[in-house]
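The values are calculated or read from the model by the stated rules, or taken from the named source; none is laboratory data. The structure presented is a predicted model; accordingly, all values stated were derived computationally and were not measured. Cβ placement follows ideal geometry from the backbone for every residue including glycine, while neighbour counts extend to all protein chains displayed. Just so you know, the surface numbers come from the protein's heavy atoms only, side chains and all, with ligands and any DNA or RNA stripped out. Shrake-Rupley method; radii C 1.70, N 1.55, O 1.52, S 1.80 Å.
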Amino acid sequence: MPLYECVFIARNDVTQQQVETIADNIGITLADHGGEVKKREYWGLRGLAYKVKKNRKGHYMLLGISAPAPAMQEIVRQLGLNEDVLRELTIRVEEIDPEAPSAILAKRTDDRDRERGFRGPKPAGRFGSGRAGTGGRDDREEFRARPRDEMDLNLNDEM
């Protein structure tokens with residue numbers, strides 16, 4: 001049986017339970033036509049790149065589906081008729097791994113797991129920001145005052 005991945009975006013003013021209900025209705029329709037939902041991931045409320053039907057955010061849901069082509073045509077038709085669904089995209093895939101997270105969820109966990117390393121010293125800023133412990137002074141070597149006789153020697157060498 002062919003395998004498909006279907007991602008749909010629901011309006012931001014519906015609840016997560018209503019998005020789950022839409023996915024449940026897809027599962028019921030697939031069962032009637034001899035298909036099944038093999039994978040189901042809720043990606044959360046995310047910002048859209050541009051306004052879609054006056055919405056700036058949407059609930060994203062991914063479904064991994066095993067179904068015949070007529071069943072998928074019916075699912076796409078029903079999603080197009082549903083007022084709560086802003087967009088849907090269905091593609092045919094070679095395989096569905098129900099255990100592995102999708103690229104979106106894998107990226108989200110990678111971002112959370114990554115430690116923020118040392119980014120270098122903070123530059124001295126205005127109004128005492130930056131190097132707070134020095135009382136407004138910057139004690140890096142290039143900003144330290146040199147003795148006058150050392151500056152005079154440097155000037156004489158350049159001439």
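Given the condition open to solvent by 50 Å² or more (accessible area, probe 1.4 Å) and farther than 25 Å from residue 11 by Cα, answer yes or no: does some residue in segment 100-107 qualify? Let's see the steps before the verdict.
Step one: of segment 100-107, the residues open to solvent by 50 Å² or more (accessible area, probe 1.4 Å) are 101, 103-104, 107.
Right, trim to farther than 25 Å from residue 11 by Cα and you get none.
Looking for residues that are open to solvent by 50 Å² or more (accessible area, probe 1.4 Å) and farther than 25 Å from residue 11 by Cα, one finds none in segment 100-107, hence no.
From (1) open to solvent by less than 70 Å² (accessible area, probe 1.4 Å); (2) not in a helix (DSSP H, G or I), pick out the condition that doesn't hold for residue 13.
Only one criterion is unmet by residue 13, namely (1).
As an exercise: evaluate residue 56 against (1) among the charged types (D, E, K, R); (2) touching a helix residue (DSSP H, G or I) at 6+ places or on another chain (Cβ under 8 Å); (3) loosely packed, with under 14 Cβ neighbours inside 10 Å and give the number of the one condition it does not meet.
Condition (2) is where residue 56 drops out.
Output the residues belonging to segment 12-27 that are farther than 19 Å from residue 90 by Cα and either in contact (Cβ under 8 Å) with a residue 40 or more places away in the chain or acidic (Asp, Glu) (or both). So that I can check it myself, show each step before the final result.
Start the filter on segment 12-27 by keeping residues that are farther than 19 Å from residue 90 by Cα, which leaves 12-18.
Across segment 12-27, the qualifying residues are 12, 13, 14, 16, 18.
Against the condition crowded, with 16+ Cβ neighbours inside 10 Å and under 16 Å from residue 104 (Cβ atoms), how does residue 19 come out, does it pass? Before you say what the answer is, go through the steps one by one.
On the way: crowded, with 16+ Cβ neighbours inside 10 Å: yes; under 16 Å from residue 104 (Cβ atoms): yes.
The answer is yes for residue 19.
Yes or no, residue by residue, for (1) at pLDDT 75 or above; (2) of a type in the set (Gly, Ala, Ser); (3) not in a helix (DSSP H, G or I):
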site	(1), (2), (3)
58	yes, yes, yes
64	yes, yes, yes
78	yes, no, no
88	yes, no, yes
100	yes, yes, yes
107	yes, no, no
112	no, no, no
139	no, no, yes
142	no, no, no
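So which residues in segment 52-70 are over 24 Å from residue 99 (Cα atoms) and not β-branched (Val, Ile, Thr), if there are any at all?
If the condition is that a residue be over 24 Å from residue 99 (Cα atoms) and not β-branched (Val, Ile, Thr), then 53, 54, 55, 56, 57, 58, 69, 70 are the ones that fit.
Quick check on this structure: which one of 45, 63, 89, 30 is open to solvent by 70 Å² or more (accessible area, probe 1.4 Å) and either aromatic (Phe, Trp, Tyr) or without any contact (Cβ under 8 Å) to a residue 60 or more places away in the chain (or both)? Working first, answer last.
On the way: 63 fails: open to solvent by 70 Å² or more (accessible area, probe 1.4 Å); 89 fails: either aromatic (Phe, Trp, Tyr) or without any contact (Cβ under 8 Å) to a residue 60 or more places away in the chain (or both); 30 fails: open to solvent by 70 Å² or more (accessible area, probe 1.4 Å).
The conditions single out 45.
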